[in-house]
Amino acid sequence: MTTPPIVELYGVTKSFGAFTVLNDIDLKIADGEILTLLGPSGCGKTTLMRIVAGFEQSTHGRVLLRGVDVSNQPPERRPVNMVFQRYALFPHLDVFDNVAFGLRLKKKSKSEIKKTVTHMLELVQLGEYANRWITELSGGQAQRVALARALVNEPSVLLLDEPLAALDLKIRHHMLAELKRIHVETGTTFIYVTHDQDEATILSDRIVLMNKGAIEQIGTPEEMYARPQSLFCAKFLGETNILSGSVISAEGDTTYVDIGAGAAKVAMNGVPVGSQVSLAVRPEAIRLDKVREVAGKENFNFVDGVIQDVVFMGSRVVYNIRTPINLIKYQETRPVHGISLERGDEVRASWAADAAVLLTH
Amino acid sequence: MLRAYIWIYVAFLYAPMAIITLFSFHSSPSLTFPFEGFSLRWYEKIFSDANFMHSLWNSVIVGAAAAAVTTVLGSLAALGLARMKGKTKAVFGLLAFAPVGLPGLFLGISLVILYAQIGLPRSLFTIVIAHVLFTIPFFIETMRSRVEYFDLGLEEAARDLGAGPLRTFWLVTLPIIAPTIAGAAILAFALSFDEFIITVFVSGNETTLPLLIWSMMRRAVSPDINAASVLSLSLSIGLILIGGLIVWYQRRKAIGSRA
Ligand SMILES: Nc1ncnc2c1ncn2[C@@H]1O[C@H](COP(=O)(O)OP(=O)(O)OP(=O)(O)O)[C@@H](O)[C@H]1O
Ligand SMILES: [Mg+2]
C-alpha cells in the first residue's frame with residue numbers, strides 16, 4: 001500500500017452479552033479500493049460494518065478514519081455513509097429531497113444543492129425521477145436513490161450492506177456493473193458486504209473472508225481462488241475437489257501425500273511427515289483421459305473412476321466422476337467438436353503438481 | 001336463525017339512537033308517535049341556551065387540553081416502548097394499557113381523594129388531569145399499532161447522513177408518524193368529550209356537555225335533550241370515524257411498505 005490507509009481497525013472485538021460476534025479484527029483499507037467483506041450468514045459482516053459507521057460500539061479495539069480515532073464519535077460525525085440493505089429511504093420525501101437530505105444538514109446553498117443533487121441523480125441514471133415519490137420506485141430505482149443519497153455527501157468511505165440482496169438476478173448483474181462504473185467515476189472507497197462469492201469476485205479489489213467473527217483470509221479475488229490458505233476458504237470460493245490424506249514424505253519443495261488412491265505430489269513444503277492434510281484441486285485444473293489410453297503412464301496425482309453424469313452448462317461442461325475415494329468434479333469449456341466422454345466411461349482424473357493446494361486446516 | 005338474531009341485535013342497538021335523532025327534529029314537544037313534522041326549533045333552543053353553550057365550550061376546552069397533553073406524553077411513551085425489547089417491553093406495554101380495565105368510578109374516587117390531599121380545588125384543570133389519565137392508555141395503544149411498524153433503519157439513515165438525535169426526530173420520525181399522532185389525538189378528544197363518570201367526581205362546580213345532558217334528564221325528558229344528545233353523539237361519532245380512519249390507513253401503509 002503506497003497511500004496511507006483510509007480505514008484502520010485494531011483489535012476490534014464485539015460481544016453481545018456473553019456472545020462474541022467479532023473477535024480481534026485487524027484490518028487496513030486502502031484509499032479508493034473496493035473491499036468486500038465476504039462470509040457465511042451470521043459471521044459478523046454487518047456488525048463490523050456498523051462499527052465502522054458508528055451504529056455499534058466495539059467492546060474492545062479502535063477504529064481510525066483517515067488516521068483519526070473515531071471510536072467514540074456518533075454516526076453523524078463520521079465521514080462515512082451507508083447504503084442500507086433495505087434502502088431506508090425516507091417515505092415522506094421525494095427522490096430529490098431524499099438525496100438532498102445530507103447536503104441540507106450541511107447548510108449548503110440552495111443553488112449548490114440543486115446542482116449537486118441533479119448531477120448525482122444523473123450519475124445513477126435517475127435524472128428524470130427527481131420529483132417521484134419513494135413509493136413509486138422499483139427495487140432497482142430505490143437502490144440507486146439510496147446510493148445517490150449516500151454518495152452525494154462525498155464520504156471518505158461508502159459502506160454497502162448487501163445492497164443487491166433484494167434485487168432479482170438480472171438487475172443484480174446490471175447493478176454490479178453500475179456500481180463498478182460509479183466507483184471509477186467517484187473514486188470513493190467502497191466497503192461492500194455480501195455473502196455471494198460471485199458478487200465478491202466480480203466487484204472487489206480485495207476480499208476479506210470472514211468466518212465465525214474472525215478474518216479467515218485477505219487477498220485479491222484471484223489469490224483467494226488460486227491459493228486458499230484453509231479448507232474453509234477453498235470451499236467458500238468457487239467449487240473445488242477436496243482429497244484428504246496424510247503426508248508420507250517431503251523432498252525439497254515437494255511434498256508427497258497418500259490420498260488413499262495412490263500418492264499425490266504437491267509443489268509445497270513445510271508440512272511435517274504424518275500430518276493429516278487436504279488437497280484442494282479446482283475442477284478446471286483437472287485433466288480427464290480414458291483409462292485405457294493412459295494406463296501405466298503416471299505414478300502420481302491421479303484417481304481412476306467412472307463418469308457418473310455429464311452436466312452441460314452452456315459455455316462449460318461439468319463431469320462428476322465417482323472414484324473410490326471421493327466424488328470428483330472436472331470442468332472444461334464446451335468442446336467445440338462435441339463432448340466425447342459420456343456416462344459410464346472409465347476415466348483417469350489427473351492434475352499437475354502445482355495445481356493442487358496443500359491445506360493443513 | 002342467527003341471521004335474524006343479528007338483525008334484532010342491530011335494531012336493538014341502534015333503534016334508540018334513531019328515535020332520539022328523529023325526535024330531535026320534531027316540530028312539536030311530543031316525544032311519542034305520530035310524528036308531526038320536521039323543524040329545527042329544538043336546536044335553535046339549545047343554541048340560544050347559555051347553559052348549553054357554556055358546557056359545550058367547557059367540553060371543547062377540556063377535550064382540547066386533555067388531547068394536547070395526552071398527545072405529547074403518549075407519543076413519547078409509545079416511541080419509548082417501540083425501542084424496548086423482550087420482557088421489559090411486554091411489562092411496560094401491559095402497565096401502560098392496564099388502566100383501560102379500571103372502572104371509572106375507581107379512578108374518579110381516587111382522584112378526588114388525591115386532589116383533596118394536595119389541596120387542589122376542583123375545576124376545569126382537575127377535569128383535564130383526570131381526562132389525560134383516562135385517555136392516555138388508549139392513545140398509547142393506538143400509537144403502538146403504527147409505531148411497532150416504524151423502520152428504525154430510517155432513523156439510522158438520518159444519523160448516517162449527519163443529523164443528530166434531535167434533528168433526526170424532527171426531520172424524520174415526527175413527520176412520518178405525524179398523521180397517526182393526529183388521528184390518535186382526535187380519538188383522545190372524542191373520548192374526553194364523551195367522558196362522564198370520572199368527570200362527575202372531579203368537576204366541582206363546572207359542567208361539561210355530558211354532565212349538562214344528565215342534569216337536564218333529571219329535571220324532565222324534553223325534546224331539547226334530544227337535540228343536545230344528537231349533537232354530542234354526531235360530534236363524537238364523526239371524530240372517532242375520522243381519527244380511526246387516519247390511524248387505520250397509516251398503519252396499513254406502514255405494513256405495506258414493510259413487505
Ligand atoms: N443486537 C444484537 N444483539 C445480539 N446479537 C446480535 C445483535 N446483532 C447481531 N447479533 C448476532 O451477531 C452475529 C453476527 O451478526 P451479523 O448481522 O453481523 O451477521 P452477518 O455476517 O451480517 O450475517 P448475514 O449474512 O446473515 O447478514 C449473529 O449471530 C447475530 O445473531
Ligand atoms: Mg448482515
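Points worth noting:
- The single condition among (1) open to solvent by 20 Å² or more (accessible area, probe 1.4 Å); (2) touching a residue at least 12 places away in the same chain (Cβ under 8 Å); (3) within 14 Å of chain A (Cβ to nearest Cβ) that B:LEU191 does not meet is (3).
- Residues that are in contact (Cβ under 8 Å) with a residue 12 or more places away in the chain and more than 16 Å from ligand 1 (Cβ to nearest atom) within the stretch A:77-93 comprise A:ARG77, A:ARG78, A:PRO79, A:VAL80, A:ASN81, A:LEU89, A:PHE90, A:PRO91, A:LEU93, listed in sequence order.
- Residue match in the stretch A:157-169 (condition: away from ligand 2 (no atom under 16 Å from the Cβ), acidic (Asp, Glu) and within 20 Å of A:ILE29 (Cα to Cα)): no
- Filtered residue count, the stretch A:191-231, keeping only those that are of a type in the set (Phe, Trp, Tyr), open to solvent by 10 Å² or more (accessible area, probe 1.4 Å) and within 16 Å of ligand 1 (Cβ to nearest atom): 0
- Filtering the stretch A:317-348 to residues that are in contact (Cβ under 8 Å) with a residue 40 or more places away in the chain, assigned to a strand (DSSP E or B) and under 24 Å from A:PHE232 (Cβ atoms) leaves A:ILE328, A:LYS329, A:TYR330, A:GLN331.
- Test for A:ASN72: is it more than 16 Å from ligand 1 (Cβ to nearest atom) and more than 19 Å from A:ASP31 (Cα to Cα): yes
- In the stretch B:1-96, counting only helices (runs of 4 or more DSSP H) that sit wholly within it, the ones holding 1 or more residues that are among the small types (Gly, Ala, Ser) and either on the phi > 0 side of the Ramachandran plot or in contact with an Asp or Glu (Cβ under 8 Å, 6 or more places away or on another chain) (or both) span B:50-83.
- Residue list for the stretch A:80-109, restricted to those being more than 19 Å from A:ILE182 (Cα to Cα), modelled with pLDDT of 90 or more and within 16 Å of ligand 2 (Cβ to nearest atom): A:ALA88
- Subset tally (residues that are within 15 Å of ligand 1 (Cβ to nearest atom) and open to solvent by 30 Å² or more (accessible area, probe 1.4 Å)) for the stretch A:25-57: 8
- Within the stretch B:138-157, at least one residue is within 14 Å of chain A (Cβ to nearest Cβ), in contact with a strand residue (DSSP E or B) (Cβ under 9 Å, 6 or more places away or on another chain) and open to solvent by less than 20 Å² (accessible area, probe 1.4 Å).
- Extreme residue, farthest from the other protein chains (Cβ to nearest Cβ), among residues of the stretch A:140-171 that are within 16 Å of ligand 1 (Cβ to nearest atom) and either of a type outside the set (A, V, I, L, M) or buried (at least 21 other Cβ atoms within 10 Å of the Cβ) (or both): A:LEU164
The values are calculated or read from the model by the stated rules, or taken from the named source; none is laboratory data. Since the model is a prediction, treat every value here as computed from it, not as a measurement. So basically every Cβ, Gly included, is an ideal-geometry build from the backbone, and we count neighbours across all protein chains shown. Please note that ligands, DNA and RNA were not included when accessible areas were found on the heavy atoms of the full protein model with its side chains. Shrake-Rupley method; radii C 1.70, N 1.55, O 1.52, S 1.80 Å.
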